[in-house]
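Trainee: First, the structure itself, so that you have it in front of you.
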Amino acid sequence: MTERALGELENRADIKRPTLPLWQNAVVILLTLTYLICELAFNSRLLDLVGSLSTPDDIHNMERYGRALTAIAAALLVFQLLLACNAWLKKRDIAFPAPWVAGMVFSLCLLTGVVTWQTVEWVIERQVAQSTGEFRQKSMLTQLYQHSLIDGHQTLAGIPLDDDGSQRETWTSPSGKAFLAMLPLLMSSVSRYHELLEREAAQNLRDSISVQEGGLLGYYKLWLAARAEIYQDYLGYNSDTRKNGLYHGVAIPARLDWETFFMLEPVQKRLREKLALPLQTRVQPEYPKEDALKQFALALQAPHLDYVLQQQLPRLQAALTSYGAGGANEKRGEDAARAVIVPPIALMFSLLGALTHLAKLLYLLLLPLSAALLSVAPWRPVRLLNRHPLIFPVLLICLLLGLCSVTNNSITASPAYQSLRHALQGAEVTITDTPASLSGGTLLRLIHTVSIGQSYSYPLNHALRQNVLLGFDFGYERPHE
């Protein structure tokens with residue numbers, strides 16, 4: 001083909017070309033790609049959060065990063081639109097000074113980001129503030145149930161078991177984490193699951209207390225530390241040669257041996273205070289280590305857990321009005337509601353932002369590529385792609401979402417999931433006094449699509465976070481990492 005013919009092809013009016021100049025198009029592509037990497041990495045970290053025993057501070061930190069990324073996503077869309085509008089005006093000989101254009105673009109993008117940040121925060125806080133006392137209490141119960149599933153103390157009937165009889169591997173898998181991200185909202189807001197949560201509340205709370213203390217070994221270390229402190233008291237007492245001594249204001253005989261000193265009631269009282277034990281418990285100076293500390297577990301840990309449970313359970317089962325405005329449990333109820341509401345909303349905004357900007361990135365790449373190909377050869381498929389560059393990105397995303405909605409994994413194919421699906425037909429989702437427009441069945445379909453999608457995307461997202469962002473934790477760091 002001659003040089004003249006090539007020039008004619010390049011200048012053909014029927015070839016659609018990018019609105020933006022080449023350097024601006026490259027900048028938008030680079031910014032979009034950077035955002036996508038951060039968003040996908042955040043998505044993987046969000047699943048790490050819901051698949052572990054997180055705290056209110058962990059959730060709050062992740063919420064801020066999620067809102068920031070959503071604000072950036074909105075600002076990027078406005079950035080591209082403003083550049084395109086400026087390029088369109090230039091083609092019509094309407095030009096503005098470069099500093100004025102730069103200032104306007106920066107100001108509007110900043111305004112868009114701030115408004116988006118505030119809007120997402122308003123959506124979440126409005127739901128939390130208007131949530132009912134029942135939803136807040138059930139959110140606390142659901143968190144305990146979720147934590148019991150994660151740490152292996154509880155199993156969900158109908159979900160496949162691991163070789164050890166637990167479901168830890170299921171709940172630490174990407175699909176399991178995605179399911180757990182939605183499950184608390186589902187169980188807290190649908191009344192038919194409230195009886196289950198109330199029935200398991202005491203055992204789940206007991207298990208949660210044990211896990212927070214590090215289990216049997218953690219409590220054993222606490223006993224060792226308390227015994228060491230008492231031994232230091234004994235050394236000080238033993239150095240006193242007087243007939244009688246004082247131990248925290250109580251007179252005791254002098255020159256007692258270690259075991260006798262340890263079993264004195266003033267000493268036992270201090271040990272019970274340090275180890276949170278009931279009044280009748282007698283703490284021994286030694287416990288055999290054989291048989292996996294079985295004697296220690298029966299003699300000390302079991303009464304300790306029962307004692308703490310008796311103290312905390314009444315507050316958990318307090319009247320629903322106590323979780324409302326001005327109630328004794330208002331703050332705890334709001335934290336629980338936020339922990340249940342934030343992960344699904346953050347996951348939805350994350351997926352929405354990622355899919356939107358993935359479509360935009362493909363559009364930005366396909367338009368100049370198809371124009372370049374048409375400049376060489378007028379292939380019909382390329383011409384169609386050039387004329388309608390959004391067709392392929394939109395069809396690709398719709399295809400992926402469609403496949404995720406009909407494909408099954410070990411969770412969505414399980415009897416437990418099928419039971420959920422049948423039970424939620426027509427069920428109302430109630431967070432505030434007014435039922436949500438989203439039904440239980442619709443929420444479960446979203447869970448299905450997200451769970452399947454995360455099964456495939458999590459390994460890539462996790463690799464991006466570890467290798468491209470150098471393990472950036474987005475405000476959440478697990479203890480073992």
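Trainee: Which one, Gln203, Gln127, Leu403, projects farthest toward the positive side of the charge dipole computed for the chain from Cβ point charges (K/R +1, D/E -1)?
Mentor: Sorting the options by dipole projection puts first Leu403.
Trainee: In whole Å, how far is the Cα centre of segment 208-259 from that of segment 176-202?
Mentor: Rounded to whole Å, the Cα centres lie 43 Å apart.
Trainee: Oh, and also: How much length is gained if the chain between Leu89 and Leu256 is pulled fully straight, taking 0.36 nm per residue apart and subtracting their Cα-Cα distance, in nm to one decimal? Could the numbers behind the result be given before it?
Mentor: Numbers: separation 167, 0.36 × 167 = 60.12 nm, distance 9.55 nm.
That pair, Leu89 and Leu256, stretches by 50.6 nm at full extension.
Trainee: Another question, if that's okay. Which lysines does Lys221 reach when only Cα atoms under 16 Å apart count, and residues fewer than 8 places away in its own chain are ignored?
Mentor: Lys274, Lys289, Lys294
Trainee: Span-like helices, the chain: DSSP H, alpha-carbon axial extent 18 Å or more, mean Kyte-Doolittle 1.0 or greater, which ones? Mind dumping the intermediate values first?
Mentor: Values: long enough: 22-50 (42 Å, 1.32); 56-91 (53 Å, 0.38); 98-130 (47 Å, 0.85); 133-151 (27 Å, -0.66); 174-189 (24 Å, 0.97); 215-238 (34 Å, -0.09); 302-316 (20 Å, -0.33); 330-376 (68 Å, 1.14); 391-406 (22 Å, 2.82); 440-463 (34 Å, 0.13).
Helices passing the filter in the chain: 22-50, 330-376, 391-406.
Trainee: So how strong a dipole does the chain carry about its Cα centre when Lys and Arg Cβ are +1 and Asp and Glu Cβ are -1, to the nearest 20 debye?
Mentor: Working: 42 positive and 42 negative charges, 274 e Å.
For this selection, approximately 1320 debye.
Trainee: Could you tell me which of Leu40, Tyr458, Ala228 has its Cα farthest along the dipole of the chain towards the positive end, charges placed at Cβ (Lys, Arg +1; Asp, Glu -1), taken about the Cα centre?
Mentor: The residue sitting most towards the positive pole is Leu40.
Trainee: Something else about it: Once the dipole of segment 145-283 is set up with Lys and Arg at +1 and Asp and Glu at -1 on Cβ about the Cα centre, which of Leu217, Gln154, Leu275 lies farthest towards its positive end?
Mentor: Leu275
Trainee: For segment 311-365 and segment 19-42, what is the separation of their Cα centres, given in Å?
Mentor: Centre-to-centre distance over Cα atoms comes out at 30 Å.
Trainee: Taking the Cα-to-Cβ direction at Lys331 and at Gln425 and moving 7 Å from each Cα, how far apart do the two end points lie in nm?
Mentor: 4.7 nm
Trainee: Nothing charged except the Cβ atoms of Lys and Arg (+1) and of Asp and Glu (-1): what's the magnitude of the dipole of segment 422-481 about its Cα centre? Round to the nearest 20 debye.
Mentor: Numbers: 3 positive and 5 negative charges, 47 e Å.
With only Lys, Arg, Asp and Glu charged at Cβ, the dipole is about 220 debye.
Trainee: Now a separate question. Where only protein heavy atoms count, and the probe is 1.4 Å, what is the accessible area per residue for segment 400-481 in Å²?
Mentor: Numbers: 4380 Å² over 82 residues.
Counting only protein heavy atoms, the per-residue value for segment 400-481 is 53 Å².
Trainee: While we're on this one: If you bin the C-alpha pair distances of the chain every 20 Å from 0, what whole percents do you get?
Mentor: Once binned at 20 Å, the Cα pair distances of the chain give 19, 40, 26, 11, 3, 0.
Trainee: Okay, moving on. Can you tell me which lysines have their Cα less than 26 Å from the Cα of Lys177? Leave out same-chain residues fewer than eight positions away.
Mentor: Leaving aside lysines fewer than 8 places away in the same chain, those within reach of Lys177 are Lys138.
Trainee: Take each of the peptides 456-467, 36-47, average the number of other beta-carbon atoms within 10 Å over its residues, and list them starting from the highest.
Mentor: Working: 456-467: 16.6, 36-47: 23.5.
Packing order, densest peptide first, comes out as 36-47, 456-467.
Trainee: For the chain, what does the helix formula give at 222 nm: sum of -39500 (n - 2.57) over DSSP H segments with n ≥ 4, over the residue count, nearest 500 deg cm²/dmol? Write down the numbers at each step before the final one.
Mentor: Numbers: 19 runs with 330 residues, N = 481.
Dividing the helical sum by the residues of the chain leaves -23000 deg cm²/dmol.
Trainee: What whole-number value in Å² describes the accessible area per residue of segment 211-367 for a 1.4 Å probe?
Mentor: Computed with neighbouring chains in place, this is 52 Å² per residue.
Trainee: With charges set only on the Cβ (+1 for Lys and Arg, -1 for Asp and Glu), what does the dipole of segment 275-316 come to about its Cα centre, in debye to the nearest 20?
Mentor: Values: 4 positive and 4 negative charges, 32 e Å.
I would put it at about 160 debye.
Trainee: Measuring with a 1.4 Å probe in the full set of protein chains, what accessible area per residue, in whole Å², belongs to segment 1-141? Mind showing how you got there, number by number?
Mentor: On the way: 7420 Å² over 141 residues.
Spelled out: the 1.4 Å probe surface of segment 1-141, per residue, equals 53 Å².
The values are calculated or read from the model by the stated rules, or taken from the named source; none is laboratory data. Just so you know, these numbers come straight off a predicted model, no measurement behind them. Cβ coordinates were reconstructed from backbone atoms using ideal geometry, including for glycine residues, and neighbour counts include every protein chain displayed. Calculation scope for accessible area: heavy atoms of the full protein, side chains included, ligands and nucleic acids excluded. Shrake-Rupley method; radii C 1.70, N 1.55, O 1.52, S 1.80 Å.
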